[in-house]
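Below: one structure, written as structure tokens.
The values are calculated or read from the model by the stated rules, or taken from the named source; none is laboratory data. This one's a predicted model, so the numbers in the text were calculated from it and none came from an experiment. Quick reminder, even Gly has a Cβ in these numbers, built from the backbone with ideal geometry, and neighbours come from all protein chains shown.
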Amino acid sequence: MLTQSIILSGREKLCTRQKGVVLMIALIVLVAMTLAGIALVRSVDTSNIIAGNLAFQQAATQAGDTGTETAVTWLQMNNANGVLFASIPAQGYLASRQDPAVGQTWDAFWTNTLVPAGWVVTLAQDASTGNTVSYIIQRMCSQAGDSAVAFTDCAISQTAGAVAGMSKGVGTPPLAHSSQVYYRITSRIAGPRNSVSYVQTIVAL
């Protein structure tokens with residue numbers, strides 16, 4: 001009887017030790033699965049944020065058409081009687097080209113130079129998208145003045161002529177359009193989540 005009691009007691013201790021090891025392994029696996037779940041949730045959240053930011057950025061870029069169309073309409077209405085020979089800052093129009101300094105970003109140039117000088121026109125905020133469009137029009141000339149005068153150094157299209165060009169192509173027609181001056185329209189769109197986009201368009205009038 002004494003021998004049987006000792007054997008049973010040893011089996012009970014062995015079973016107790018085995019149950020403790022399984023519990024530790026189960027806890028370790030549970031912690032690992034918890035950490036993996038947290039990492040997965042954070043990864044999904046980050047992906048959603050990135051996708052949302054890209055969507056807002058694309059929407060801001062598309063909203064730049066509003067600034068471009070508004071600027072083109074203003075140019076067409078004032079493209080007569082030498083109105084565009086001089087700058088009109090209140091309308092966001094500069095008769096000469098202005099560019100960022102070397103190493104300066106367009107956003108820094110816009111914020112530190114154009115806005116303080118009062119050369120930027122800002123449209124009303126779009127209530128549906130939350131985008132605010134601002135624009136500036138720059139005539140592609142080195143100086144203000146009559147674009148037909150050489151010293152203004154304007155970027156213009158070729159002048160109409162009655163003689164065909166130097167092309168050797170068969171049936172080369174002569175130029176059939178009048179000289180046009182180039183204008184650069186720069187639109188800045190500020191949207192939700194601090195999204196900022198720039199759109200530049202070159203038009204000839």
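Consider S96 carefully, then state whether it is of a type in the set (S, T, N, Q) and assigned to a loop (DSSP other than H, G, I, E, B).
Spelling it out, S96 is indeed of a type in the set (S, T, N, Q) and assigned to a loop (DSSP other than H, G, I, E, B).
Pick from V83, V149, V102: which is free of Cβ contacts under 8 Å to residues at least 12 places away in the same chain and closer than 18 Å to A204 by Cβ?
Every option except V83 fails the conditions.
In the range 156-195, which residues are at pLDDT 85 or above and not hydroxyl-bearing (S, T, Y)?
Those that are at pLDDT 85 or above and not hydroxyl-bearing (S, T, Y): Q180, V181, R184, I185, R188, I189, A190.
Kindly provide the set of residues from the range 113-132 that are under 19 Å from the mean Cα position of the chain (by Cα), more than 16 Å from D65 (Cα to Cα) and outside any loop (DSSP other than H, G, I, E, B), ordered by number.
Across the range 113-132, the qualifying residue is only L114.
If a residue has to be polar (S, T, N, Q) and closer than 23 Å to A144 by Cβ to count, how many in the range 180-201 make the cut?
Number of matching residues: 5.
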